[in-house]
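A short write-up of the structure that comes next.
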Amino acid sequence: MEKFVETPQVKELCKITDVMYRKGWDERNGGNISWIMDEEVVKPFIQDMPEGRNVELNFNAKELANSYLLVTGSGKYFRNIIEDPQDSLGLIQISEDGRSYTILWGFANGAIATSELPTHLMNHIQRLKVDDNHRLIMHCHTTHTIAMTFSHMLDEKEFTKTLWKMCTECLVVFPEGIGIIPWVVPGTEAIGKLTAEKMKDVRTVLWPHHGIFGAGSDIDETFGLIETIEKAAEVYTLVQAQGGVKQEISDENLSDLAEGFGVVPRDGYLEVD
């Protein structure tokens with residue numbers, strides 16, 4: 001399995017975690033990613049697979065039984081991944097009964113998967129129920145989005161519309177809006193369940209005063225979704241610093257935009273005649 005480090009998937013994950021660190025979204029060991037690997041990606045390496053370490057899960061992931069995931073490690077710094085991916089990343093396989101996982105590659109120095117793995121697994125399960133193409137979960141501490149959770153009312157409709165009105169592309173990128181849960185201790189079953197409930201309808205969930213949790217079919221889609229939300233939050237921050245909104249993108253403008261790009265805004269969010 002040593003050659004697994006040379007796969008495009010590992011190289012892509014190394015690249016994006018470095019970008020996220022340099023953007024300031026993943027300080028210290030903040031943030032985590034899990035990526036469901038299609039079997040054809042892993043299959044060429046399985047014949048050389050040594051006996052892997054087994055780690056118990058405190059969540060029953062039976063719905064993902066035998067699935068392979070490329071995951072960031074617990075306590076690992078994103079800034080180090082690009083230099084030593086085998087230390088900070090791991091390829092794991094969920095057991096048949098969903099009660100544990102086996103480390104097939106990586107986590108070379110005794111590490112295990114992110115402490116948020118149960119939350120990731122809950123949300124992979126949920127997103128796969130509504131999107132067959134779903135593969136990736138990404139959590140990071142996007143600076144301006146976190147700031148907004150202190151200064152903006154935490155109402156999903158109002159928060160979504162504020163973001164939609166900050167950048168013209170936003171409605172096109174996330175027409176379903178965003179989810180928001182209450183503040184919850186991270187790494188707990190509670191935060192996973194609350195997030196998964198929101199993931200029935202949206203691909204991004206804000207964890208107030210903490211960060212953002214996003215889902216998608218691949219790295220580009222998921223990162224692009226989070227990047228767009230964070231850009232809108234940054235524009236909001238600049239607008240507030242400049243004295244607040246003097247003119248805006250109207251609900252009518254947003255309705256025209258949706259029609260022009262063939263997207264359907266979240267029902268009840270736009271007030272148009």
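Read-outs: derived from the displayed coordinates by stated rules, not from any lab. Small disclaimer: the values here were computed from a predicted structure and weren't measured. As a convention, Cβ positions derive from the backbone with ideal geometry for all residues, glycine included, and neighbour counts pool all protein chains shown.
Side notes on the structure shown:
- Test result for N133, among the polar types (S, T, N, Q) and buried (at least 24 other Cβ atoms within 10 Å of the Cβ): no
- In the set G187, G192, G177, only one residue is within 27 Å of A241 (Cβ to Cβ) and in contact (Cβ under 8 Å) with a residue 60 or more places away in the chain; that residue is G177.
- If only residues of the range 239-273 that are more than 25 Å from K200 (Cβ to Cβ) and among the β-branched types (V, I, T) are counted, the one that is surrounded by the most Cβ atoms within 10 Å (Cβ to Cβ) is I249.
- Only listed residue being in contact with a Lys or Arg (Cβ under 7 Å, 6 or more places away or on another chain) and either in a helix (DSSP H, G or I) or not small (G, A, S) (or both), chosen from I249, I226: I249
- Checking E227 against (1) in contact (Cβ under 8 Å) with a residue 12 or more places away in the chain; (2) under 22 Å from the mean Cα position of the chain (by Cα); (3) surrounded by 13 or more Cβ atoms within 10 Å (Cβ to Cβ), the condition it does not meet: (1)
- Unmet criterion (only one of (1) hydroxyl-bearing (S, T, Y); (2) crowded, with 19+ Cβ neighbours inside 10 Å; (3) closer than 30 Å to L69 by Cβ) for Y236: (3)
- The range 110-161, residues that are under 15 Å from I180 (Cβ atoms) and assigned to a loop (DSSP other than H, G, I, E, B): T142, H152, M153, L154, D155
- Pick from the range 23-52, criterion within 17 Å of the chain's Cα centre (by Cα) and either among the hydrophobic types (A, V, I, L, M, F, W, C) or outside any loop (DSSP other than H, G, I, E, B) (or both), ranking: surrounded by the most Cβ atoms within 10 Å (Cβ to Cβ): I33
- Residues of the range 77-113 that turn out to be within 17 Å of G187 (Cα to Cα) and crowded, with 24+ Cβ neighbours inside 10 Å, as a count: 1
- Search result, residues across the range 84-136 that are farther than 16 Å from V71 by Cα and among the acidic types (D, E): E96, D97, D131, D132
- Evaluating R135 against the criteria (1) touching a strand residue (DSSP E or B) at 6+ places or on another chain (Cβ under 6 Å); (2) without any contact (Cβ under 8 Å) to a residue 40 or more places away in the chain leaves one unmet condition, (2).
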